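Reading through the structure tokens given below for one structure.
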Amino acid sequence: MEGFNSVFSKKFWNKLQFSDEQEIDVKIKDFNVAYEKYSQLVSNNPKIKEGGIKHIDDFKDVNLENKCVKHFKADKICFLRIVRRKNDKCGDNEYGFIDILKHEIKLPKDLINLFVFCVLNLKSKLLKINIELDGGSLKVIKSITFVIKNVIYD
């Protein structure tokens, strides 16, 4: 019952606005039908055995280095990353960073919690990190040499 109350609060009372009691009656019936369908879906799903679940941390000691593919068909790889904070907020050592292929790239702290669009050009071995301007265009804020291991560059 607690699960229902939580969903009811989040998805009904806290989200919708009503003009009168009659509107509440209509919308609550719709909500109850939708919740019943959701409950049936959830109860029909088999239990997942804990041993069968894989988490990203399960692969921290695994060498995921590309040993098979030597040539890429495309010459660019795009990444969308959110800039995270490193060190104490408002501290002297605070800065933003992103992680691309296990490489930490330092960025200005005013970008923390914003998304950056990164383009890795495999031919020029250049990574360009872009921000989106108000008009929707991209502006390069950082450009660095970036080489992927075990890839033959023509």
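The values are calculated or read from the model by the stated rules, or taken from the named source; none is laboratory data. No experiment lies behind these values; they were computed from the predicted model shown. Methodologically, a virtual Cβ is constructed for each residue, glycine included, from the backbone with ideal geometry; neighbour enumeration extends over all protein chains shown.
Among the conditions (1) surrounded by fewer than 17 Cβ atoms within 10 Å (Cβ to Cβ); (2) not in a helix (DSSP H, G or I), the only one that residue 129 does not satisfy is (1).
Would you pick out the residues in segment 111-126 that are under 14 Å from residue 82 (Cβ atoms) and not in a strand (DSSP E or B)?
Within segment 111-126, 111, 112, 113, 114 meet the criteria.
Can you find even one residue in segment 51-60 that is modelled with pLDDT of 80 or more, loosely packed, with under 10 Cβ neighbours inside 10 Å, not charged (D, E, K, R) and not in a loop (DSSP other than H, G, I, E, B)? Among the residues of segment 51-60, not one is modelled with pLDDT of 80 or more, loosely packed, with under 10 Cβ neighbours inside 10 Å, not charged (D, E, K, R) and not in a loop (DSSP other than H, G, I, E, B), which makes the answer no.
Looking only at residues of segment 79-110 that are outside any strand (DSSP E or B) and surrounded by 15 or more Cβ atoms within 10 Å (Cβ to Cβ), we find that the one that is modelled with the highest pLDDT is 83. Would you confirm whether or not segment 15-24 contains a residue that is modelled with pLDDT under 80, of a type outside the set (Ser, Thr, Tyr) and assigned by TED's automatic domain parsing to the domain that holds residue 116? Checking segment 15-24: not a single residue is modelled with pLDDT under 80, of a type outside the set (Ser, Thr, Tyr) and assigned by TED's automatic domain parsing to the domain that holds residue 116.
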